[in-house]
Amino acid sequence: MAGLPPKITISEVGPRDGLQIEKQPVATATKIALIDKLVATGIDRIEVSAFVHPKVVPQMADAEQVFAGIKRKPGVRYAALVPNTKGAERAIAAGADDLKIGAAASDTFNSLNFRMTSDEGARVMTDIATIAEGTKVKLAGVVGTAFGCPYEGPVSEKKVDDLFRHMVELGCDVIYLADTTGVGNPAQVARTVERLRKRFPKTRVGLHLHNTRGLGLANALAGLENGVTDFESSIGGLGGCPFAPRAVGNISTEDFVHMAHEMKVNTGIDLDALIGVARYAQEALDRPLPGMVMKAGKAGERHETNAPRTKLD
């Protein structure tokens, strides 16, 4: 397809964003194995965990142990979500390469998620940036509810732009616009990306998309067509924000990689190996995951005429 970038970078967020909403505890050893398997597919950006209070997000209580247990691969950047200065200090001590910082464009959502307003969240990001100064860690930004909020409805473009600008000023090389609850549509994604790329031409605009209403890959395509080369996705379609009603997972990494490869967009990821990891995640969690390619197979596969014909669940 004309106009698409020849290569994109995918940051895998399954071990953090994907697992944080799981109701049953996920063993530390399982998290470590999942991360190592994902990195072995060629993924070179991965969100390992979040340094948050265990009472708020119990699944992330073992963040230090997960960082200590993974097998580091040269060239891969291992990230951590940090909502406050204490989390940043813990993440740096644990050896995180990147600190994911952010705030929602909706005060209501930000208060539920981080227990502070968006403006207070912006000040906390400044404090985190101060802590990161003089270390080897880099900052990556996330503007939450960038396309709308389930509590407030449409969000202010000015609020989105102000948060984005603040993260630029703090030194974030890439800032992801998060459709946190999957309310965005392709036209809206295209408009927002175009606006921010024009206003901040030196900063990479990324997308973090959820598939709540089935528009995740359509929104990703809108991003691709408007020059986005940085995306976040989750293996098997794991995920869903624990602070949002009727939360549904992120776009599936293997489904997105499959789409990209079919359109001749290079990801640097071994799709066959990635499908294997998606199946591993499904088995480890002992429940069906929403990813489709691991069930249906790649579009180019051919079948014998007498192959079983069964409906996918």
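Only the coordinates and a few stated rules stand behind these numbers; no lab work does. Please read all numbers here as calculations on a predicted model, not as lab measurements. Note that each Cβ is placed from the backbone with ideal geometry, even for glycine, and that neighbours are counted across all protein chains shown.
Brief remarks follow.
- The listed peptides 220-233, 47-60, ordered by packing as a protection proxy, come out as 220-233, 47-60 (highest mean of other Cβ atoms within 10 Å first).
- Counting every other Cβ atom within 10 Å of each residue's Cβ, Met116, Met125, Met294 order from fewest to most as Met116, Met294, Met125.
- In the chain, helices alone account for a calculated mean residue ellipticity at 222 nm of -11500 deg cm²/dmol, with every DSSP H run of four or more residues adding -39,500 (n - 2.57).
- Computing FRET efficiency as 1/(1 + (r/R0)^6) for Thr130 and Ala273, where r is the C-beta to C-beta distance and R0 is 45 Å, gives about 0.65.
- With Cα atoms defining each centre, the stretch 1-32 and the stretch 183-239 are spaced 16 Å apart in the structure.
- Prolate/oblate/rounded label for the stretch 163-313 (Cα gyration tensor, a/c 1.5): prolate
- Annotation: the residues Ser234, Ser106, sorted from fewest to most other C-beta atoms within 10 Å of their own C-beta, follow the order Ser106, Ser234.
- Highest-first arrangement of 295-303, 22-30, where packing means the average Cβ count within 10 Å: 22-30, 295-303
- Highest average packing first - 179-188, 203-212, Cβ atoms within 10 Å: 203-212, 179-188
- Ascending count of other beta-carbon atoms within 10 Å, so fewest first, for Tyr151, Tyr280: Tyr151, Tyr280
- Reachable lysines from Lys264, criterion Cα separation under 21 angstrom, eight or more residues apart if same chain: Lys7, Lys298
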